Amino acid sequence: MPYYRSVGDVPRKRHTQFRQPDGTLYAEELVGQEGFSSDSSLLYHRHAPTAILAAEEYAPPTVTRVPNLPLKPRHLRTHKLDGTGADPVLGRQYLLANDDVRIAYVLADRPSPLFRDATGDHCLYLEAGSMRVESPFGVLDAVAGDYVVIPTSTIHRLVPTGDEPTRLLAVEASGHIGPPKRYLSVRGQFLEHAPYCERDVRGPDTPLLVDGEEVEVLVKHRRGWTRYVYANHPFDVVGWDGHMYPWAFSIHDFEPITGRIHQPPPVHQTFQGPNFVICSFVPRKVDYHPAAIPVPYNHHNVDSDEMLFYTGGNYEARRGSGIEQGSISLHPSGFTHGPQPGASERSIGAEFFDELAVMVDTFRPLDLCDAAADCEDDGYAWTWARKS
């Protein structure tokens, strides 16, 4: 995480005696990346975070992946997956995946179990509704338009709040997700050219201080899943400090970078992960050269697949293709894509685009998962052949 936080009670010096009111020591827990060589946080528990009473293999719902064959652009209508509701972890319906990242959608109306993913970070985007993220670090509230980054191995519970279900796009990495390195100084401060900064980032600000015994935690790890029974509730932390914790950032705080002619997608980059990037397309003033064509030019990203999640406004380049709220388009490597017929001409003279979308570009091909077949618009690939 880009900056240091200290929450609750911590001793003045690390790894020194810090005692509870009854005289016993608080139990330190150092949570860190890359061994002891990268970001970390130091937590102080009332009880030992190592005490487990039981462990058994757990069989999660299976996910089938098939290649994008025949190779073609795809359109997925996520709102067609609406059911009776689910929890925001086990209820995820997986759409696209490769060995670096998995992309899922869920309409959630109930709390998740306590869950830890030991294989990588999660970046959650709230399309609609609101949610409370509970963890040993405290509570983090999120609303529509928020990204929430949950670091690897953080035990957490996602709790939908408010009167409407939470619509959630989940991006699960096989590694770590963070701001692009080009936005940060060598010491981790956001630089002046970055489209967001520390003032836009939110983290937990008070401990949860939950007491409880014999609580179940589901853990996804590199060899499968395990259900643990912990002797004490893991949210018993009285204080912590460091650079590694769940954090939130609103897409509405992303400051768009514009120019006289059309700007390429890297200006929209918001996060980077292992072999993928996440970008935010937000309402913005568009190209102001007198001869500018504001919509994207036809392009062939020979090294990446492009997934775009449409979450608000009117996406000019896709008008007439059936794109709607909650749509996902997939434009794979090996295929040239661009604006729909007539979109380039229609965009000339536009001064402002009112669009909201989340893009994930991957540098390995994305496979199609089970839920993709349940919500695909089979006619999308042929829409470029239609007359404007």
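Quick notes on this structure:
- Note on surface exposure: Val63, Val101 rank Val63, Val101 by accessible area, highest first, 1.4 Å probe.
- When Glu164, Glu324 are compared by accessible area of protein heavy atoms, the largest-first order is Glu164, Glu324, using a 1.4 Å probe.
- For the stretch 349-369 versus the stretch 145-191, the spacing of their alpha-carbon centroids is 18 Å.
- Debye log10 I(q)/I(0) at q = 0.18 Å⁻¹ for the stretch 239-388, Cα point scatterers: -1.22
- Estimated FRET transfer efficiency when R0 is 25 angstrom, pair His79-Glu255 (beta carbons, to 0.05): 0.25
- Formal net charge of residues neighbouring Ala248 (Cβ-Cβ distance under 14 Å; K, R +1; D, E -1): -4
- Of the residues Arg187, Arg157, Arg167, the one with the largest accessible area comes first in the ranking Arg187, Arg157, Arg167, computed with a 1.4 Å probe on protein heavy atoms.
- For Arg132, net neighbour charge (Lys/Arg +1, Asp/Glu -1) across residues whose Cβ lies under 10 Å away: -1
- Taking every protein chain into account, the 1.4 Å probe leaves Glu376 with about 40 Å² of accessible area, to the nearest ten.
- The residues packed around Leu191, meaning those with a beta-carbon under 12 Å from its beta-carbon, carry a net charge of +1 if Lys and Arg are +1 and Asp and Glu are -1.
- Scaling the Cα radius of gyration of the chain by the globular reference 2.2 N^0.38 Å produces a ratio of 1.04.
- Selection from His75, Ala97, Pro11 lying farthest towards where the dipole of the stretch 1-98 points positive, charges on Cβ: His75
- Rg over Rh, two decimals, the stretch 42-177 (C-alpha only, Kirkwood Rh): 0.99
- Think of each Lys and Arg Cβ as +1 and each Asp and Glu Cβ as -1; about the Cα centre, that makes the dipole of the stretch 175-291 roughly 780 debye.
- Per-residue surface analysis assigns Ile278 an accessible area of about 0 Å², computed on protein heavy atoms at 1.4 Å probe radius.
- Annotation: extensible slack from Asp205 through His299 equals 29.4 nm (criterion: 0.36 nm per residue apart, minus Cα-Cα distance).
- Magnitude of the charge dipole for the stretch 79-158, about its Cα centre and with charges confined to Cβ atoms of Lys, Arg (+1) and Asp, Glu (-1), is about 180 debye.
The values are calculated or read from the model by the stated rules, or taken from the named source; none is laboratory data. Computed from a prediction, not measured in an experiment: that's the story for all the values here. Cβ sites come from the backbone with ideal geometry, for glycine too, and all protein chains shown count toward neighbours. These area figures cover heavy atoms from the full protein model, side chains too; ligands, DNA and RNA do not enter into them. Shrake-Rupley method; radii C 1.70, N 1.55, O 1.52, S 1.80 Å.
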